[in-house]
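Scroll down for the structure; my scribbles are underneath it.
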């Protein structure tokens, strides 16, 4: 029996299996990374985009109520208390929105929105002596509401764009994960072939003993 040949074959098989083992570990780590990235993508979709869009909608609803309240203060017996309650809700939404992950452009628009809201609050709290000044105040308030509405539209557009980006990124992650799965299947096939080769090699090096006819 050629022991050198046997050792050489075992060494080759060990190296091949070692390489396959490393490939399996590598693909497994890639799978974990893809899963983590996909999890982050879905989390960001909910926390930073879907919730942000809900906050924008709530902002729009609150400022619509404030606008209606401002346009008809004479019909609102509890104008001050109602407006204060709306302002408290706006302040809460500002904190919630600020807690989301803002893009550079989004942070810029959000900063402008806070400036506009502050201007509105200052204007609302200002005291007016005559009807002419009151008319001017209402016009300024209406103008600020338009600016706020434009800022909210800008924030909403960002949510749509970033949401689409997250969806596209998720699709890429899933596609990459699919390729990795196919690679793992290929590795399993290679392992099977190596094991089969080892079996046949082992059989081929087993010495064949001829039966002694004189024993019959």
- [ ] Assess whether residue 137 counts as being within 23 Å of residue 85 (Cβ to Cβ) and without any contact (Cβ under 8 Å) to a residue 24 or more places away in the chain.
- [x] yes
TODO: Tell me, yes or no, whether the range 139-162 has at least one residue that is over 43 Å from the mean Cα position of the chain (by Cα), surrounded by 12 or more Cβ atoms within 10 Å (Cβ to Cβ) and part of a helix (DSSP H, G or I).
DONE: no
Open item on the list: Checking the conditions here, which among 128, 117 is without any contact (Cβ under 8 Å) to a residue 12 or more places away in the chain, surrounded by 12 or more Cβ atoms within 10 Å (Cβ to Cβ) and in contact with a helix residue (DSSP H, G or I) (Cβ under 9 Å, 6 or more places away or on another chain)?
Closed with: 128
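Where a number appears in this text, it was derived from the coordinates with a stated rule and is not lab data. Since the model is a prediction, treat every value here as computed from it, not as a measurement. Here the Cβ is made from the backbone with ideal geometry for all residues, glycine too, and neighbour counts use every protein chain on show.
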